[in-house]
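This report refers to the structure that appears directly beneath it.
Only the coordinates and a few stated rules stand behind these numbers; no lab work does. Predicted model, so just to flag it, every value in this text is computed and none were measured. For neighbour counting, all protein chains shown are included, and Cβ atoms are generated from backbone atoms with ideal geometry for every residue, glycine included.
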Amino acid sequence: MIASYLLSLREGLEAALIIGIVLGMLRKLNRRDLSPLVWLGAISAMIISLAVAWLLQYFGASLEGRAEELFEGLTMLLAAGILTWMIFWMRRQSRTIRSDLEEDVRRASKSGSRSALFLIAFLAVLREGVELALFLTATSLTVGVQSTLIGSLLGLGTAVGLGWALFASTIRLDLKRFFQVTGILLILFAAGLVAHGVHELNEAGIIPTIIAHVWDVNWLLDDSSFIGEVLKSLFGYNGNPSLTEVLAFISYFAAIAISLLLNRPPEIVKQEV
């Protein structure tokens, strides 16, 4: 539940901030009459995102045996890849996302293009929604649908409340710090998805284990215990991992470290909303 809460909070807050920026710009331009288009675009994207989430769950539930293990493994690896891309994308774009959005809204309102304004909100929310649908599908494969659903609803509710508070009051949030902290947690979560995805592909016979169990610490912390389940949902904990699981986990962190060193952004003034 914690993993789905964190994912939903971050994705939901990103969507809420985007909608808030667009609506705030329309208010500055005295074009509140165009606000319904923004809400229409956002709601349309939410409906499509829910449909994608349902299709992923339905398709996964219809599989059995080796096909199910293959689906779970590939879904986790795909989710880890997209999650990593999202973290690095936000790291690059956080400095200019507000100015870019405001410029897009200004052009759309001046040109009178109602479809352009609809698309700004639709595409922004759709990207977050489809990503979240994939992440939650991967999370549900480790902790179950019910726990994932509860965590996601709580996370989205928190994101909506926080987004409303940011734009309806004098509350200020250090976005750079927020995305840095959640980015670190999500990198750990993505590493767990990679390891767990490799574990499923081990079971499907796609990736060899090389060594079935490098170690076994289930006597100390059983991965089926409450704490073990929490660590599994967050970081892909496995008390007796295969060698390829361990190598995948280590390789992911090595790739992230190299990418961070090679793509270090210049120092910027702290951004607040």
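Here are some notes:
- Charge dipole of segment 2-262 (Cα centre as origin; +1 on each Lys and Arg Cβ, -1 on each Asp and Glu Cβ, all else neutral): 1820 debye, rounded to the nearest 20.
- Ordering GLY155, PRO241, LEU221 by Cα displacement along the dipole of the chain toward the positive end leaves GLY155 in first place; charges were set at the Cβ atoms of Lys, Arg (+1) and Asp, Glu (-1).
- Here the gap between ASN218 and ARG27, fully extended at 0.36 nm per residue and compared with their Cα-Cα distance, gives a gain of 63.0 nm.
- 3J(HN,Hα) from dihedral phi, segment 228-245, Karplus parametrisation 6.51/-1.76/1.60, rounded to Hz, x for glycine, proline: x, 5, 5, 5, 5, 5, 8, 10, x, 4, 9, x, 9, x, 7, 5, 5, 4
- As a proxy for reagent exposure, ARG98, ARG106, ARG27 were ordered by neighbouring Cβ count within 10 angstrom, fewest first; the result is ARG27, ARG106, ARG98.
- Value at 222 nm in deg cm²/dmol, rounded to 500, when DSSP H runs of n ≥ 4 in the chain each add -39,500 (n - 2.57): -27500 deg cm²/dmol
- Taking segment 2-262 and dividing mean pair separation by its residue count, relative contact order in percent (alpha carbons under 8 Å, at least six apart): 31 percent
- Dipole of segment 2-262, positive end: most advanced residue of ASN202, ALA191, LEU261 [Cβ charges, Cα centre]: LEU261
- Cβ-derived FRET efficiency at R0 41 Å, ILE150 paired with ILE258, nearest 0.05: 0.65
- Candidate values (i) 37, 24, 18; (ii) 28, 21, 17; (iii) 38, 20, 16, label of the one derived for semi-axes √(5λ) of the Cα gyration tensor in Å: (iii)
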